[in-house]
Every structure is written in C-alpha cells, then in structure tokens.
1. If you stretched the chain out fully between residue 76 and residue 23, how much longer would it get, using 0.36 nm times the residue separation minus the C-alpha to C-alpha distance?
2. Debye sum, Cα scatterers, the chain, no solvent: what log₁₀ I/I(0) at q = 0.22 1/Å?
3. With a cap of 11 neighbouring Cβ atoms within 10 Å, and only residues DSSP puts in a loop, list the trypsin sites (Lys or Arg not before Pro) found in segment 1-52.
4. Tell me which residues come under 5 Å, amide H to amide H, from residue 32 once H is placed; ignore anything under 5 positions away on its chain.
5. State which stretch of the chain is the longest one without any exposed GluC sites (Glu not before Pro), exposure meaning a DSSP loop state and at most 14 other Cβ atoms within 10 Å.
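Nothing in this text is a laboratory measurement; each read-out follows from the coordinates by a stated rule. For clarity, every value in this text was computed on a predicted model and none was experimentally measured. Positions of Cβ are backbone-derived with ideal geometry, glycine not excepted, and every protein chain shown enters the neighbour counts.
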Amino acid sequence: DSIELSGKIVVIRASTLRPEYQSATHQFYICEGGFGAAANSRGTSCFCHNLYSGHKERFSHRDILGTLEEKELPEWARLGLVQYRQSQREKKEAFREER
C-alpha cells in the first residue's frame, strides 16, 4: 500500500545516506514528484528538495522512511519550508507574467 508523496514532507532513511550526512539536516525534504511519488506507482524515483540546504535530489521510494506534518518539523526546517513555498510562488508569478 503506497501513499501519494508529492507535496508532502518526507524523511529519508539515515541508513541510505553516507555517514557524514546522517543527520536531520540531510533527512528532511519536500517531495516535488516523480513516478515513485505517485500512489501505487510502479516507478521508484522521488524528486525532493532539501529543507535545510535547498538542494534538489533524487531518492528511490524505498529510501523514504515516512512523512511528517508541518507542525512536527523543527523550527529550522519550517523556515526552509516557508522559503521553498515562497520561491515556488515567485516562479508561478514569473511564469504568468511571461505569458
């Protein structure tokens, strides 16, 4: 049973990360999409945005430990989420202005 991950805050399994990256700052992401993000999909790729660094990365669906609600995030991750959402709004506005 798979759940839709697009737009959700996901936690990456520490065991899939190199030892020097096994910390919360490298585990909290927002899932942007991918075939592995769709519920009951046969694909495995999930494209994610790191809430601390802002880097985008690809993970396999099995690398995701689970999801978190926004209220469960530490303050630094909540700030990263606010910045992410603001940048997404700005991109949409810029796209609308181009048309």
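1. The span from residue 76 to residue 23 would gain 17.7 nm if fully extended.
2. Log10 I(q)/I(0), no solvent term: -1.12.
3. Details: sites: 8, 13, 42; in loops: 8, 13, 42.
Those satisfying the criteria are 42.
4. Sorted by chain and number, the residues that satisfy this are 7, 47, 48, 49.
5. Values: sites that count: 4, 69.
That gives 5-68 as the longest site-free run.
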